[in-house]
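The values are calculated or read from the model by the stated rules, or taken from the named source; none is laboratory data. Keep in mind that this is a model prediction, so the values were computed, not measured. Glycine also receives a Cβ, built like all others from the backbone with ideal geometry; neighbour counts cover every protein chain displayed. For accessibility, only protein heavy atoms count, side chains too; no ligands or nucleic acids. Shrake-Rupley method; radii C 1.70, N 1.55, O 1.52, S 1.80 Å.
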Amino acid sequence: MMNDEIRVAPSVLSADFRRLADELADVSSADLLHYDVMDGHFVPNLSFGIDLLRTVKSATELPVDVHLMISNPDEMVERYLDAGADVVSFHYEATSHAHRLVSLIKDRGAKASIAINPATPVCLLEPILCELDMVLVMTVNPGFGGQRFIESSLRKLRRLRRMCDEQGVSPAIEVDGGITARNAAEVAAAGASVLVAGSSVFGTADRSAAIAAIRASGTSGTSRRA
Ligand code: DX5
Ligand code: ZN
């Protein structure tokens, strides 16, 4: 899935669920749809699960990027694949069997991604980086939309980018949490190419304009990459 083209992934978590179909139609100019699964255990919040993923899949043509913020993803991942997940990110902190899980996701024809929390160093991914389609760098502590971007994430992104260059691999790098048109250029300059945006898209009246602004800002940042 790699490349440097900037892609914007609105996060369904911030949508108005009273009118979900309209909300999804409103973000059809995006590149991916980000779907946050929270289990009230790995993170201190509950969101939605497999049944709603099926509904979302039937209401959008965008590929769906499923972010599993759950303990023991090994036990649940196949059900999300069955429900149509196009990309699956599970948390490094939540399983002892990252390699097995990545293989399973890829064998099922989906893109495999590992997510890391703000306090998890990128060097832990070194042995498995060459297997990944994407790395999700959390830029807030997972669990809630609308939080403030953690600035030290920029250093992590640069380090991850360097690690990829050293290994000659090029997984997509996704950032999630507090991304806006204001900081999109900076995260893209540091190496990110998939930009999750919840409140900065669904919190505005003109979603297409918000998506375009984030994409344009991100694209301007890619020319500043070292
Ligand atoms: C946070 C979720 C995010 C969230 C992002 O735990 O993983 O995907 O929806 O929301 P914003 O963009 O509002 O920070
Ligand atoms: Zn997310």
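Scan the range 19-49 residue by residue and report those that are in a helix (DSSP H, G or I) and open to solvent by 20 Å² or more (accessible area, probe 1.4 Å). Write out each step before concluding.
Just the residues of the range 19-49 that are in a helix (DSSP H, G or I), to begin with: 19-26.
Residues satisfying the conditions are R19, L20, A21, D22, A25, D26.
Conditions (1) within 14 Å of ligand 2 (Cβ to nearest atom); (2) part of a helix (DSSP H, G or I), marked per residue:
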residue	(1), (2)
S58	no, yes
L62	no, no
V66	yes, no
S71	no, no
D74	no, yes
E78	no, yes
G84	no, no
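Looking only at the range 86-106, count every residue that is closer than 24 Å to V56 by Cβ and either open to solvent by 40 Å² or more (accessible area, probe 1.4 Å) or not in a helix (DSSP H, G or I) (or both) and tell me the total. Break it down stepwise before answering.
At the first step, the residues of the range 86-106 found to be closer than 24 Å to V56 by Cβ are 86-91, 94, 101-102, 104-106.
Filter once more, keeping what is either open to solvent by 40 Å² or more (accessible area, probe 1.4 Å) or not in a helix (DSSP H, G or I) (or both): 86-91, 104, 106.
The number of residues fulfilling the criteria is 8.
So, in the range 110-153, of the ones that are open to solvent by less than 70 Å² (accessible area, probe 1.4 Å) and of a type in the set (D, E, K, R), which residue ends up farthest from ligand 1 (Cβ to nearest atom)?
E131
Can you give me the ranges of the helices (runs of 4 or more DSSP H) entirely in the range 107-226 with at least 3 residues that are within 16 Å of ligand 2 (Cβ to nearest atom) and under 20 Å from V8 (Cα atoms)? Can you show your working first?
Numbers: elements: 153-167, 184-189, 199-202, 207-222.
Once the helices (runs of 4 or more DSSP H) in the range 107-226 are filtered for at least 3 residues that are within 16 Å of ligand 2 (Cβ to nearest atom) and under 20 Å from V8 (Cα atoms), what remains is 199-202.
Determine if the range 118-136 includes at least one residue that is in contact with an Asp or Glu (Cβ under 6 Å, 6 or more places away or on another chain) and closer than 30 Å to S58 by Cα.
yes
Return yes when D16 is modelled with pLDDT of 95 or more and buried (at least 21 other Cβ atoms within 10 Å of the Cβ) and no when it is not.
no
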